[in-house]
Structure formats: C-alpha cells, structure tokens
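Each reported figure results from applying straightforward, stated rules to the coordinates on display, with no laboratory input. All values reported here derive from a predicted model rather than from experimental measurement. Cβ: placed from backbone, ideal geometry, glycine included. Neighbour counts: every protein chain shown.
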Amino acid sequence: MNPAEAAEEAPSDPDTDAFYKTGSFRTEGIKASDVLPMLKEKVAFVSGGRDKRGGPILTFPARSNHDRIKQEDLRRLVTYLSTVPSEDVCKRGFTVIIDMRGSKWELIKPLLKTLQEFFPAEICVALIIKPDNFWQKQKTNFGSAKFSFETNMVSVEGLAKLVDPSQLTEDFEGSLDYNHEEWLELRVSLEEFMSSAVHLLSRLEDLQELLSKKEFPADVEGSRRLIEEHTQLKKKVLKAPVEELDREGQRLLQCIRSSDGFSGRNCISGSADFQSLVPKVASLLDKLHSTRQHLHQMWHVRKLKLDQCFQLRLFEQDAEKMFDWIMHNKGLFLASYTEIGNNH
C-alpha cells in the first residue's frame, strides 16, 4: 500500500488534525489577503504587461478619490504589488502609468511622493495621463517637483508610442487581456496554497526530527512505552494532508498552464507573472511528496530498531533474573551440575 492509499484508509483523528493546523509558522512579507480591500477596489494593479525594456508595468487607473486613500494603506499596497513580478523582471525597473483623467490634478504630487519614498523596487519612469486641454496649463506647476525617476505627461495616444499597445489594457486602448477579479482570485488561491504547503512542510520536518532521535530506553517498560508512542506517531505520518494540497496545487498549475484561468477566458490575466510561479508550485509539490515518502521510511526504520531494542531489553531482563536465581541457589545448583564449572 502506498502512502496516499494508507492516508485515505487511516481513520480521522482529532489530535492529528490539530497537529497539522497548529505549530509555529510565520509568513514573510505582505500577502494579497493583507491588502485585500485595496486590491478589490483596484486602486492599483500589475497587469503582467511589460515596457519596451522588459520591465513590469504598475498601473493606477482613473479614479476621482485618490485623496481618500490613506498613505499607510497605499504604502502597503504598492509594497505588495512590487513583489508580484519575478525578481529578474523587477530588476529592470518599473514603468508606472498614472491615469489622472477625472481626478484632481493637485493629487498627483502626493502619489508620486509616496512612490518615491516607499516603493521598494526601482522606478524608471512615471507616465501621467491627463486630458489634452490640461497639459500646458499644469506643466509649470508640476515642474517644480523633484523625483528620482523620470516623469512624463502623455495622452492616451502618446502612451502607445512609449509602451507597445499589446502590453496595455483596454483602459489605454491596448489589447492586453486583463480581468482584475480573475487575477485577484487566482493570486489569493496561489498564495493560500503556498502558505499551506510551507506550513505542512514545517510540520513534516518536525516529525522527521522526532523520528531521527537515536536514544533508546534502558529497560523493558521504557521500550514498551516508546513503541506505543511510535505507533501513535504513525497516525500523523499517514494523515499528513499531502493529497489534499496536491489536488489544489495541480488544479492551480493546470489553470496557469492551460491558459484558461478560472472563467474560461482565452488567457490568464497577468499571465506573465503567474507563469513565473509554476516552478515554485511544482517544487513545493515535489518536496511534499518526497518528504512524506522519507517520513514513511524513517518510521519503519525506527520501528525496526525499537522492536530490536525491546527484544534486547527482554533478553537482558530474563538474563538478569537467571543470574539472580543462580546467585540465590548456587549451592544447590553446583552440587548437581559440577560438570559445567566450579563457580556461578
């Protein structure tokens, strides 16, 4: 019987279930769930589009209430979005598109200031979209600000000259297929899967540490007790929810690889960024299976050693009893069995 079949047949155990749900576990960095309200509101997004240098595009879509967003919330959001593209892509620097159509012009400086102070990745250029009739009037006011990245004011038509239309969403008359709700659903699912997989691996490693102990009891009772504890440990090994996570991981991989997303669309929103997560998901699945397989082997090896230890302690106990009997009855014993020697 393989580990998966054994896990299916093993009865449910509350202690085992609790073992896999608890434990010291800490996630690093901001997750989508930490900034979910801001993501749902689509304050900003990364579409998976790339600029002409191959750098990622961060977009602030048109909205009339930029001033309603708290700076701390915005800081956390842009910090999170900076982690979405792969590290290699981020190194090329971001192009930021800020659509100020329908918004108050004076709100652009605080937004750019937040990006300069808190955006953890490099920004190469900020492209600011404003209706044509605002350009000349506002240019002098804006020119006094100093930023570490280039700022350009462009029209939607002018944007297509700086960024390939195939890398722009339909908001900017581009052809890049992007559905924010689909992107968010897939992103949250992937992060939940990876968090659960890393947590499960940490619990399996805890079991490996228990099974790698080399000390053995010095008496029969201690051996018997340790064998019982080892038998209980088998429930945890068998019931590790690897199959459940494997099904979810395979579903997510199929979703990314088949390019039909959650909604049956022709391509995944932000596909380029999701593709970079495929090796991570596949690696986690492989490690889960190999770690569980190793755990089974470790359990059986230790079971054999504990059984051998128990037999040795039984032999030592019986031999000790025999020595005691001989010591107390050596006179009678030696009188009848002198041919085996002259002392006990």
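Apply the Kirkwood formula to the stretch 182-336: the hydrodynamic radius equals the inverse of the mean of 1/r over all pairs of different alpha-carbon atoms; give it in Å with one decimal. Don't skip to the end; give the middle numbers.
Values: mean 1/r = 0.0511 Å⁻¹.
About 19.6 Å, per the Kirkwood formula over Cα pairs.
Can you run phi through the Karplus equation (6.51, -1.76, 1.60; θ = phi - 60°) for the stretch 47-57 and list ³J(HN,Hα) in whole Hz, with x for Gly and Pro?
8, x, x, 10, 7, 5, 8, x, x, x, 10
Given H placed on each backbone N at 1.01 Å, which residues far from I129 in sequence or on other chains put an amide H within less than 5 Å of it?
It is I98, D99, M100, V154, by chain and number.
Quick one: which of K213/K236; K236/K321; K31/K287 span more than 27 angstrom between C-alpha atoms? List each step's numbers first, then the result.
Numbers: K213/K236 17 Å; K236/K321 38 Å; K31/K287 23 Å.
Flagged as over cut-off: K236/K321.
Could you name the aspartates and glutamates in cross-link range of K52, using Cα to Cα under 12 Å and dropping any fewer than eight places away on the same chain?
Answer for K52, where 12 Å is the Cα cut-off: D164, listed by chain and number.
As a footprinting exposure proxy, order H328, H296 by other Cβ within 10 Å, with the fewest listed first. Display every interim value, and only then the final one.
Values: H328 10, H296 16.
With the sparsest Cβ surroundings first, the list reads H328, H296.
Run down the lysines and flag those whose C-alpha is under 17 Å from the C-alpha of K146, throwing out any fewer than 8 positions away in its chain.
Once the sequence-local lysines are set aside, what remains near K146 is K109, K113.
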